[in-house]
Amino acid sequence: MKRVVIGLSGGVDSSVAAYLLKEQGYEVIGLFMKNWHDDSVTISDECPWLEDSNDAMLVADKLGIPFQTVDLSEEYKSRIVDYMFHEYEKGRTPNPDVLCNREIKFDVFMKIALNLGADFVATGHYCRKGRIEKNGKTHYQLLAGVDANKDQSYFLCQLSQSQLKKSLFPIGALTKPEVRDIATKLDLITAEKKDSQGLCFIGKVKLPDFLQQQLKPKEGFIVEISKESDLYKTEIPNFKTEEDKLHFLSKKTEYQLEAGKIIGKHQGAHYYTKGQRRGLGVGGHVEPLFIIDTNVDDNIIYTGEGKDHPGLLKKALFIANDELHWVREDLSLHLGETMEVQARIRYRQPLQKATLHKVETGLYVAFEAFQSAMAEGQFVAWYIKDELIGSGVIS
């Protein structure tokens, strides 16, 4: 019997995944990851991980599989939380879920599982794993989940071939209603449990509340930039090369205080992110106000009225070489090469037609249609059909 260690989170997805593995004849061990107990940062009045770990234990008991809790809070703090604070301080917007998968579940957790003699590590993600032989070599594929509404391949966009090789995704071919149905028939305690919201594996916390406990409040101006601003009337030059054009299309607009009008005050530019519309507390506009940029050095938030504001829209983005990742290394581009793909810049965004252009310093992703609120620090992932083949951090 092959041994599988599954991350039991106390939710319905991992519960059903554990059951399916057992049905398939694996020897299954359930591990619950405890990722937070730092009293200097209050997460919430409740203690969500205790409830989750209790649910995970009851599921393991019901399924008749061994269960234990592993404390990864030290690694979680250094690899995820500290990184997030550092990124927000720089005015970037990290994605904790993508990082949690790359750094914790499929690295720290995977090493623990392999030390327990596991052949594979399993999770309750809605995605699938494929494998193909090419020139005598095996390549593992990260495929979208069958349930388009729940597909979580984007969150795994930083996985490597060695991580995929050892991974299993038992529920990737099911829809969420089918998963709940199985859990109900088995009378699992998690059958009706709501999907967890908030930070990956930390629980019921809203990101701004979490950030405010580490990044101190600092009053600054909210500035509105008009759609008609001269900043958006730049004449498009004649480009000598395609790279010059891509550089122009992906270039960040530089805003100054004088370019707009002061319409309010905020408590710290590092709490906000591009594309955000809630939490500004400024009224008197026909259309909603969106954040079009933040300047953490000058502590200014720049906003624009309406979702079609030119400050929100861009057709290209850049990824530096050190933040570029290929899940399928055999498909990676060489200098001067291009590739037609479908890409997304956030979870659940419908896939968009795009072309990748490899240049000396990194990779440009040029979209066919304008994209809204490309935030530095977020991940862009690209696909061929339903296979996620690479990703990178938006520079």
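Miscellaneous remarks
- One residue from Ala183, Ala148 being assigned by TED's automatic domain parsing to the domain that holds Leu63 and of a type in the set (Gly, Ala, Ser): Ala183
- For region 64-76, the set of residues classified as in contact (Cβ under 8 Å) with a residue 40 or more places away in the chain and either outside the structural domain of Ile189 (by TED's automatic domain parsing) or assigned to a helix (DSSP H, G or I) (or both) consists of Tyr76 only.
- Members of region 191-250 found to be modelled with pLDDT under 90, part of a loop (DSSP other than H, G, I, E, B) and closer than 30 Å to Asp13 by Cα, listed by number: Lys194, Asp195, Ser196, Gln197, Gly198, Cys200, Phe201, Ile202, Lys204, Val205, Lys206
- For first residues located in region 362-386 and within 23 Å of Asp151 (Cα to Cα) and in the same structural domain as Arg346 (by TED's automatic domain parsing), partners that are among the hydroxyl-bearing types (Ser, Thr, Tyr) and modelled with pLDDT of 95 or more and lie 6+ apart or on another chain with Cβ distances below 6 Å form the pairs Phe379/Ser391; Ala381/Tyr154; Ala381/Ser391.
- First in region 92-105 and of a type in the set (Ser, Thr, Tyr), second anywhere and assigned to a helix (DSSP H, G or I), Cβ under 8 Å, 6 or more apart: Thr93/Glu87
- Restricting attention to region 147-163, the residues that are under 22 Å from Lys194 (Cβ atoms), part of a loop (DSSP other than H, G, I, E, B) and under 12 Å from the mean Cα position of the chain (by Cα) add up to 1.
- Yes/no for Arg128 being part of a helix (DSSP H, G or I), closer than 23 Å to Ile171 by Cα and charged (D, E, K, R): no
- Among the conditions (1) free of Cβ contacts under 8 Å to residues at least 12 places away in the same chain; (2) within 23 Å of Tyr19 (Cβ to Cβ); (3) in a strand (DSSP E or B), the only one that Asp61 does not satisfy is (3).
- Restricting region 169-182 to residues that are among the aliphatic types (A, V, I, L, M) and surrounded by fewer than 21 Cβ atoms within 10 Å (Cβ to Cβ) leaves a set whose member that is farthest from the chain's Cα centre (by Cα) is Ile182.
- Residue in region 310-319 that is under 21 Å from Val359 (Cα atoms), at pLDDT below 95 and touching a Phe, Trp or Tyr at 6+ places or on another chain (Cβ under 8 Å) present: no
- Flag for Glu89 being surrounded by fewer than 18 Cβ atoms within 10 Å (Cβ to Cβ), outside the structural domain of Val380 (by TED's automatic domain parsing), of a type in the set (Asp, Glu) and at pLDDT below 95: yes
- First in region 186-214 and closer than 15 Å to Val16 by Cβ, second anywhere and modelled with pLDDT of 85 or more and basic (Lys, Arg), Cβ under 9 Å, 6 or more apart: Leu186/Lys62; Asp187/Lys62; Leu188/Lys62; Ile189/Lys62; Ala191/Arg180; Ala191/Lys185; Glu192/Arg180; Asp195/Lys176
- Screening the candidates Glu329, Glu337, Glu368 for the property of being closer than 19 Å to Leu142 by Cβ and at pLDDT 95 or above yields one hit, Glu329.
The values are calculated or read from the model by the stated rules, or taken from the named source; none is laboratory data. Model, not experiment: these values are computed from the prediction. Positions of Cβ are generated from backbone atoms using ideal geometry, with glycine treated the same way; all protein chains shown enter the neighbour counts.
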